[in-house]
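First up is the structure itself, then whatever we jot down about it.
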Amino acid sequence: MSQNKPNAVQTTGHVWDGDLQEYNNPLPNWWTIAFYITIVFSIVYWFIFPAWPVGHGFTTGFDKITYVNDKGETKTSHWNTRALLMKEMNEHAEQQKPYYDKLMAEPYDKIAKDQDLLNFVASAGKTLFGDNCAACHQSGGGGKVGYFPNLTDDDWLYGGSYDKIQETITNGRHGYMPPFAEVLNDTQITDLANYVLSLSGEPHDAAKAAAGNQLFHSDTAACFYCHGADAHGRQVIGSANLTDKIWLWANVPAAQSAEDKVAAVKKVIEGGLNKGVMPTWGGRLKPEQIKLLTVYVHDTLGGGK
């Protein structure tokens, strides 16, 4: 009886077990239309973009992308994410070009006074530094004691001026300190370690430090040849200043006791250093990128002099 009402749901006429009926509930019109739209969209998509595998290849679609590759060559390719990325990078480079042109035209002292240019350096430099430098110097430029210098302080092995930073990035560095384990005995090395600690006011044995002072300035150890008679280091060869409290190779700040501090310094004296190597970036980065990184390190990270 209820099936004859105007608004009642109709059945297909199939009945099981006397009262189990199959209702006829058609989908809403909006849902059906949307479904057909997705079919049309997919067919159009298959024609425009790479879609179907064909043998050892695939249908490339009709959409094309033109871009300039790393060699400066103009290429046209079917749509793909790599070509799209190159096109977007070209557009990004075009937007940055006026800033790079200005950066290359201005001397460092004028760049430091141009806030608009410094804003560009801070933005673009962060990306460039993250892609090329952060793996060693860390994302914030803080470095890692025992491995890579801190670029945010005022301590520079080879100099922290614009010219010196640019020289370092362009040509790289290769620091070296010979091992003294086979030249000096343990007592002498312990004396030297105590003297080095005394130079920066760290806990030390005064008697051993006095003996280390004599050894430091003698031809036996000849430490003063590289570090200078005043132990302030020599930037021309990248030897460290031993009189400040900045420790690059010996992790003295992390040592818990006076004995541990001596041991940390002794380890460096005994084994020497052959890991102060920074690769050459002159052939990897463009001149404008090196200059941007120079300003970024000097002004944005704040460690320049």
Worksheet item: in contact with an Asp or Glu (Cβ under 9 Å, 6 or more places away or on another chain), surrounded by 15 or more Cβ atoms within 10 Å (Cβ to Cβ) and in the same structural domain as S139 (by TED's automatic domain parsing) - does that describe any residue in region 276-287?
Response: no
Discussion item. Please count how many residues of region 43-75 are part of a loop (DSSP other than H, G, I, E, B) and either more than 38 Å from the chain's Cα centre (by Cα) or at negative phi (or both).
Written reply: 14
Discussion item. Whether any residue in region 76-93 is under 41 Å from the mean Cα position of the chain (by Cα), among the acidic types (D, E) and at pLDDT below 90 is what I want to check.
Written reply: no
Worksheet item: For K113, all conditions in the list (1) in the same structural domain as A240 (by TED's automatic domain parsing); (2) part of a loop (DSSP other than H, G, I, E, B) hold save one; what is the number of the exception?
Response: (1)
Fill in: Test: H217 is over 32 Å from the mean Cα position of the chain (by Cα) and surrounded by fewer than 18 Cβ atoms within 10 Å (Cβ to Cβ)
yes
Discussion item. Quick check on L242: is it in a loop (DSSP other than H, G, I, E, B), at negative phi, touching a helix residue (DSSP H, G or I) at 6+ places or on another chain (Cβ under 6 Å) and aliphatic (A, V, I, L, M)?
Written reply: yes
Response to the item:
All conditions in (1) over 30 Å from A206 (Cβ atoms); (2) in a helix (DSSP H, G or I); (3) in contact (Cβ under 8 Å) with a residue 60 or more places away in the chain are true of G175 except (2)
Practice prompt. Determine, yes or no, whether L285 is touching a Pro at 6+ places or on another chain (Cβ under 8 Å), touching a residue at least 60 places away in the same chain (Cβ under 8 Å) and under 30 Å from V121 (Cα atoms).
Written response: no
Worksheet item: If you go through region 252-280, how many residues are aliphatic (A, V, I, L, M) and over 31 Å from the mean Cα position of the chain (by Cα)?
Response: 3
Discussion item. Just checking, does region 258-269 include any residue being of a type in the set (A, V, I, L, M, F, W, C) and farther than 15 Å from N194 by Cα?
Written reply: no
Practice prompt. Identify all residues within region 181-197 that are buried (at least 20 other Cβ atoms within 10 Å of the Cβ) and either of a type outside the set (V, I, T) or in contact with a strand residue (DSSP E or B) (Cβ under 7 Å, 6 or more places away or on another chain) (or both); write none if there are none.
Written response: D191, L192, A193, N194, Y195, L197
Worksheet item: Can we say I269 is within 18 Å of D163 (Cα to Cα) and assigned by TED's automatic domain parsing to the domain that holds G175?
Response: no
Worksheet entry | Answer from N171, N185 - the residue that is at pLDDT 95 or above, more than 37 Å from the chain's Cα centre (by Cα) and either not assigned by TED's automatic domain parsing to the domain that holds M278 or not hydrophobic (A, V, I, L, M, F, W, C) (or both) | N185
Worksheet, complete the sentence: Taking region 190-231 and keeping only residues that are over 18 Å from G271 (Cα atoms), in a loop (DSSP other than H, G, I, E, B) and either at pLDDT 95 or above or out of contact with any Ser or Thr (no Cβ under 7 Å at 6 or more places or on another chain) (or both), one is left with G201, E202, P203, H204, D205, H217, S218, D219, G228, A229, D230, A231
Practice prompt. Tell me which of these R234 doesn't satisfy, since it passes every other one: (1) in a loop (DSSP other than H, G, I, E, B); (2) closer than 19 Å to G146 by Cα.
Written response: (2)
Practice prompt. State which residue pairs qualify: first residue farther than 15 Å from A122 by Cβ and inside region 94-106, second residue among the charged types (D, E, K, R) in any location, beta carbons under 6 Å apart, and separation of 6 or more residues or different chains.
Written response: M104/E288
Worksheet item: Does T74 fit the bill of being closer than 27 Å to L285 by Cβ, surrounded by fewer than 10 Cβ atoms within 10 Å (Cβ to Cβ), among the hydroxyl-bearing types (S, T, Y) and not assigned by TED's automatic domain parsing to the domain that holds L285?
Response: yes
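The values are calculated or read from the model by the stated rules, or taken from the named source; none is laboratory data. Model, not experiment: these values are computed from the prediction. Here the Cβ is made from the backbone with ideal geometry for all residues, glycine too, and neighbour counts use every protein chain on show.
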